1. Looking at segment 316-338 only, could you name the residues that are buried (at least 18 other Cβ atoms within 10 Å of the Cβ), in a helix (DSSP H, G or I) and out of contact with any Pro (no Cβ under 8 Å at 6 or more places or on another chain)?
2. Inside segment 1-55, counting only helices (runs of 4 or more DSSP H) that do not spill past its ends, which hold 1 or more residues that are in contact (Cβ under 8 Å) with a residue 12 or more places away in the chain and over 14 Å from the mean Cα position of the chain (by Cα)?
3. Do you know which residues across segment 186-200 are touching a helix residue (DSSP H, G or I) at 6+ places or on another chain (Cβ under 8 Å) and away from the ligand (no atom under 11 Å from the Cβ)?
4. Take the residues in segment 123-138 that are surrounded by 15 or more Cβ atoms within 10 Å (Cβ to Cβ) and charged (D, E, K, R); name whichever of them is nearest to SER163 (Cα to Cα).
5. Among what's in segment 339-358 and is open to solvent by 40 Å² or more (accessible area, probe 1.4 Å) and part of a loop (DSSP other than H, G, I, E, B), pick the residue that is farthest from THR286 (Cα to Cα).
6. Condition check: open to solvent by 10 Å² or more (accessible area, probe 1.4 Å), within 16 Å of the ligand (Cβ to nearest atom) and of a type in the set (A, V, I, L, M, F, W, C). Does ALA249 satisfy that?
7. Just to be sure I understand the filter: pairs with C-beta atoms under 9 Å, separated by 6 or more residues or on different chains, first member in segment 196-219 and within 14 Å of HIS160 (Cα to Cα), second member open to solvent by 10 Å² or more (accessible area, probe 1.4 Å) and among the acidic types (Asp, Glu). Which pairs pass?
8. Pull out all pairs, ordered by first then second residue, where Cβ-Cβ is under 6 Å, the residues are six or more apart or on different chains, the first lies in segment 334-346 and is over 17 Å from GLY275 (Cα atoms), and the second is open to solvent by 80 Å² or more (accessible area, probe 1.4 Å) and not in a helix (DSSP H, G or I).
Amino acid sequence: MRAAWANIHLDALAHNLAVLKQHAGGARILAILKANAYGHGLARIASELHGVDAIGVARLNEALALRNAGIVKPIVLLEGFFSADELPIFAASGLQPVIHSQYQLAQLEQAQGLAQPLRVWLKVDTGMHRLGVAPDQAVACYRRLQACANVQGEPILMSHFASADAPDAAQNNNQNRVLADIQRQLAAPVSFSNSAALLAKVAQHDDWFRPGLALYGVSPFAQHTGADYNLRAVMSLQASVISVRDVAAGEGVGYGAAWQTERDTKVGIIAIGYGDGYPRLAPAGTPVWINGRCYPLKGRVSMDMLSVDLGVDSQVQVGDTAQLWGEHLAVELIAEKVGTIAYELLCNVAHRVALEYN
Ligand SMILES: Cc1ncc(COP(=O)(O)O)c(C=O)c1O
């Protein structure tokens, strides 16, 4: 009997990519694989994504892990380099930094002896106010990159929506307007859209789309699941039922006796807990799928286990497989119950949870 594992459905991944490519028309895809490919396993997911044009990560160690795994596709670092001493590594490994701040531009201009010039992306702050150069400096920064000997080819102009998951938000129009104004002054390729913006067609134009979440079959929009967009869940998080016990009415179950049984019942103990990335704050009633139906989580989630109320007539047995989220139980629903977003649940799947690809 296994404890906790995650099935990673590669056919669903391929399906989702095909769906997103249809949305993208002929534009290119920069697939976002940061945070261990949203918990799905960085190198393996990268090696399956033959159909994408480039891979985006957040950290240098993620990029180098991909190169070490033999991934030769272009790799974009969404936050660029953090200090100038990383630049020789970018050059040696053919990594593409996003330049989001003046300090990076200056360091790139001053770098000497790089093994090769870098392809770069220039991020403009069109209104999210997280990263990006100010709009009124964008054209000048772009021209400096074009003139920089350490830069190869045309820089790609990039921005990020703050509210793409609310497609009607006025902020989207404002951000579109700011980028369009810059585009009028530069004949530059553009990348604006994440999953939500791609699915809801929020941007006016993209040469490069940047989907993350939707690739994994998950909806970026509240109150929806991936299925609403013809996407299929890539991850199924599963664990074994390791104990089924009869508990009389009025007994306390688990830490702090936080669950007091309302009636005689059977309690199923499942070998997954917050040490595996299942959220400790999942409230009573959060569904757990076993053998075709959902049972309510009850009591406190432990590090390695959680308990469900099976009901007195349950046929669930030791050795049965429970699904915490996946093809039968949308991770979006679990996230809503917990009061978080599916991104966080997926990223938090712990290292000790074996990823099984099929
Ligand atoms: C700059 C940037 N682009 C694209 C994405 C992908 O976003 P999503 O997973 O919502 O598609 C992210 C993820 O947060 C990001 O930070």
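The values are calculated or read from the model by the stated rules, or taken from the named source; none is laboratory data. This one's a predicted model, so the numbers in the text were calculated from it and none came from an experiment. Every residue, glycine as well, gets a Cβ built from its backbone with ideal geometry; the counts of neighbours run over all protein chains shown. Calculation scope for accessible area: heavy atoms of the full protein, side chains included, ligands and nucleic acids excluded. Shrake-Rupley method; radii C 1.70, N 1.55, O 1.52, S 1.80 Å.
1. VAL331, GLU332, ALA335
2. 10-24, 42-48
3. The answer is LEU186, ALA188, VAL190.
4. Within segment 123-138, the match that is nearest to SER163 (Cα to Cα) is ASP125.
5. Step by step, filter segment 339-358, then rank; the result is ASN358.
6. In short, no.
7. Sorted first by the residue in segment 196-219, then by its partner, the pairs are ALA196/ASP165; ALA197/ASP165; ALA197/ASP206; LEU198/ASP206; TRP208/ASP53.
8. So the pair list comes out as ALA335/ILE341.
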